Each structure stands twice: as structure tokens, then as C-alpha cells.
1. Assess whether residue 138 counts as being hydrophobic (A, V, I, L, M, F, W, C), modelled with pLDDT of 95 or more, in contact with a Phe, Trp or Tyr (Cβ under 9 Å, 6 or more places away or on another chain) and not assigned by the TED database to the domain that holds residue 38.
2. I'm checking my understanding of the structure. Among residues of segment 129-139 that are part of a helix (DSSP H, G or I) and under 19 Å from the mean Cα position of the chain (by Cα), which one is nearest to residue 66 (Cα to Cα)?
3. Looking at this structure, is residue 89 under 17 Å from the mean Cα position of the chain (by Cα) and modelled with pLDDT of 95 or more?
4. Check whether at least one residue in segment 62-71 is surrounded by fewer than 18 Cβ atoms within 10 Å (Cβ to Cβ) and under 25 Å from residue 139 (Cα atoms), and report yes or no.
5. Just to be sure, is residue 35 in contact with a helix residue (DSSP H, G or I) (Cβ under 9 Å, 6 or more places away or on another chain) and either outside any helix (DSSP H, G or I) or over 19 Å from residue 124 (Cβ atoms) (or both)?
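The values are calculated or read from the model by the stated rules, or taken from the named source; none is laboratory data. Being a predicted model, the structure only gives us computed values, none of them experimental. Cβ: placed from backbone, ideal geometry, glycine included. Neighbour counts: every protein chain shown.
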Amino acid sequence: METPRPERSPSLGREIDFLFLRLIETNASYEDYKREFLKLEKRWLQRAKTTAQRLAVRQIVAKTLLTQAFGFNMPWKEFGRWLRRLQQLGFRDLGMRVHVACIYVQSLPLFPRQAREAWDMLEDAEKRALRLRRAHPLRQEHLESILHTKKVARVATPS
């Protein structure tokens, strides 16, 4: 006979998913996303027991808000804020680095002055992806994301 497990609180990822669903259903603005994700971050930082857990929460929320700033075509002041925060915090893994570099390059029509930095970041992410062993399950996925970004980019790499 199985003993019942005590109810656990939802994981951060699960809470993020529920929050996204709620915000999508209400057709929320960028400011709504930002406010709600910062509240979620505060709550999870209080729960975190280690420095590593607090860093992970900050990284996930910063990446999420950067992605939302991209999706809402926010100006550099807002997009750059989250990009700089992520650069300061560091990237959790190569997937996060590739994601950020790809949306940075794709956002360049809004702030073309950042082209050199964005393309350099994408090039760095590509070099890191190429250093993964050929059999690594994410190598091809990262390289395809980078290739797609290069194809759809509307601001060329500066010479």
C-alpha cells in the first residue's frame, strides 16, 4: 500500500506557467507582466535557502522579463535594463545564452546602435555551441536557433 505524499508547493517553473496563462487570458500589458513577475521573484527569493537558489530565481525572472520586453517591442531603456541585469547575473547555461543572443539580434531594428554588441554576443554563443561534442543533444538545437536568427535578422552585422 502506498503512503500518501504530503502536498508540495508548486515549483518555480510551474508557478511561472500558471502566471503566464493568467496574464495571457487577461491580455495583460508589459507593465502587468513586469509587476507580476517581480512579485513572483520576491516571493521565491524569500523561499530560497541558498545563494545559488537566489541567483537562479533572479536569472529566470530577468530572462523572462527580457523576453517579454522583446515581445512587446520595448525601447532600449527597458530591454537594455534586463539584458544588463542578465549579463551581470551570468547565464545559467548555454541555452539561456543562445536565447538571449538570438532575441538581442532580432530586436536590433528597435535599437540599431547596439548592433556590434548584439552580433558579438551571437558569435560568442555560436562558438560555445560549436565546442559542444557533436553527439550532445542540444548542440544542433542551439546551432539551428542561431542560424534562424541570422536568416531573419533585419540589421546586418557591422563590418
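1. No: the conditions fail for residue 138.
2. If we take residues in segment 129-139 being part of a helix (DSSP H, G or I) and under 19 Å from the mean Cα position of the chain (by Cα), then 129 is nearest to residue 66 (Cα to Cα).
3. yes
4. yes
5. For residue 35, the condition - in contact with a helix residue (DSSP H, G or I) (Cβ under 9 Å, 6 or more places away or on another chain) and either outside any helix (DSSP H, G or I) or over 19 Å from residue 124 (Cβ atoms) (or both) - is not met.
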